[in-house]
1. In this structure, is residue 83 modelled with pLDDT under 95, within 15 Å of residue 153 (Cβ to Cβ) and either touching a Gly at 6+ places or on another chain (Cβ under 8 Å) or assigned to a loop (DSSP other than H, G, I, E, B) (or both)?
2. Which fully enclosed strands (runs of 3 or more DSSP E) of the stretch 110-159 have 3 or more residues being more than 22 Å from residue 66 (Cβ to Cβ)?
3. Of all residues in the stretch 115-136, count the ones that are within 16 Å of residue 38 (Cβ to Cβ) and charged (D, E, K, R).
4. Scan the stretch 101-123 for residues that are hydrophobic (A, V, I, L, M, F, W, C) and open to solvent by 60 Å² or more (accessible area, probe 1.4 Å) and report the count.
5. I want to confirm something. Restricting to the stretch 132-156 and keeping residues that are open to solvent by 50 Å² or more (accessible area, probe 1.4 Å) and touching a strand residue (DSSP E or B) at 6+ places or on another chain (Cβ under 9 Å), which single residue is farthest from residue 45 (Cα to Cα)?
6. Considering the stretch 33-54 alone, what residues qualify as being farther than 29 Å from residue 145 by Cα and free of Cβ contacts under 8 Å to residues at least 60 places away in the same chain?
Amino acid sequence: MPTHQHLVDKMSKHSCFVFLFCGIFLPGILGFPQTNNSIDCDSLLPNYEAEPQTSAPPYIIAVSFDNFDPDNEVQVTLEALGDAGFRGFNLQAREIDGDVPVGTFKITDPNTKGLECHNMTNSAVSHANSDVKQKVTTTWIAPKDVRELQFIATVVQDLENFWVGIQSKTLTPTHSESVNATGKSKRKVCFSVFE
């Protein structure tokens with residue numbers, strides 16, 4: 001007949017196995033990998049083998065302002081349409097036709113975390129967990145010397161369904177007429193010739 005200590009030892013071994021199984025395998029089985037679930041800063045593609053959806057995304061990016069000045073704070077909301085929900089995302093501000101993030105994010109939603117892209121802290125914002133979300137909100141801080149821009153996102157519904165390149169409306173710097181294609185201020189130089 002097994003002793004009490006023998007039964008406790010046996011239960012401990014089984015509990016450890018169940019705990020490991022639930023912690024390692026169950027998140028992936030339920031639809032989103034627990035580890036290595038990042039989205040690339042440049043391509044905005046998830047780091048696993050799958051093709052993005054080509055249908056219209058069931059998500060929108062809403063912004064609180066159409067125009068901005070340096071150091072302005074713009075509230076940015078990524079939201080599911082209907083019951084779509086999402087588990088992962090990467091959200092950035094990029095100049096029109098740009099390929100690197102501009103500005104920084106102030107992390108205000110517990111479902112979000114800041115990312116470091118191109119050696120800039122909080123230059124992108126991503127999911128802090130793989131819980132299903134309907135909406136996340138963050139605050140973007142405008143940099144100096146930036147042209148028209150859009151917020152762009154990849155949104156992951158589950159391992160097989162994700163959308164890349166979801167865009168907000170275009171935001172314009174308040175003094176956009178004073179910025180040229182290089183992001184430098186234009187200056188008119190007037191010469192006056194006196195003889």
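1. Numbers: modelled with pLDDT under 95: yes; within 15 Å of residue 153 (Cβ to Cβ): no; either touching a Gly at 6+ places or on another chain (Cβ under 8 Å) or assigned to a loop (DSSP other than H, G, I, E, B) (or both): yes.
No; evaluated as a whole, the condition is false for this residue.
2. On the way: elements: 112-117, 120-127, 135-141, 149-158.
Qualifying strands (runs of 3 or more DSSP E): 112-117, 120-127, 149-158.
3. So the count comes out to 1.
4. Going through the stretch 101-123 one residue at a time, the tally reaches 2.
5. Pass one, the stretch 132-156, residues open to solvent by 50 Å² or more (accessible area, probe 1.4 Å): 132, 134-135, 144-145, 147-148.
Subset that is touching a strand residue (DSSP E or B) at 6+ places or on another chain (Cβ under 9 Å): 132, 134-135, 145, 147-148.
Details: 132: 19, 134: 21, 135: 20, 145: 28, 147: 25, 148: 24 Å.
Result: 145.
6. Going through the stretch 33-54, the residues farther than 29 Å from residue 145 by Cα turn out to be 33-38, 46-54.
If the condition is that a residue be farther than 29 Å from residue 145 by Cα and free of Cβ contacts under 8 Å to residues at least 60 places away in the same chain, then 35, 36, 47, 49, 51, 54 are the ones that fit.
The values are calculated or read from the model by the stated rules, or taken from the named source; none is laboratory data. This one's a predicted model, so the numbers in the text were calculated from it and none came from an experiment. Don't worry about glycine lacking a Cβ; one is built from the backbone with ideal geometry, like all the others, and counts go over all protein chains shown. Heads up: the accessible areas ignore ligands, DNA and RNA and are worked out on the full protein's heavy atoms, side chains in. Shrake-Rupley method; radii C 1.70, N 1.55, O 1.52, S 1.80 Å.
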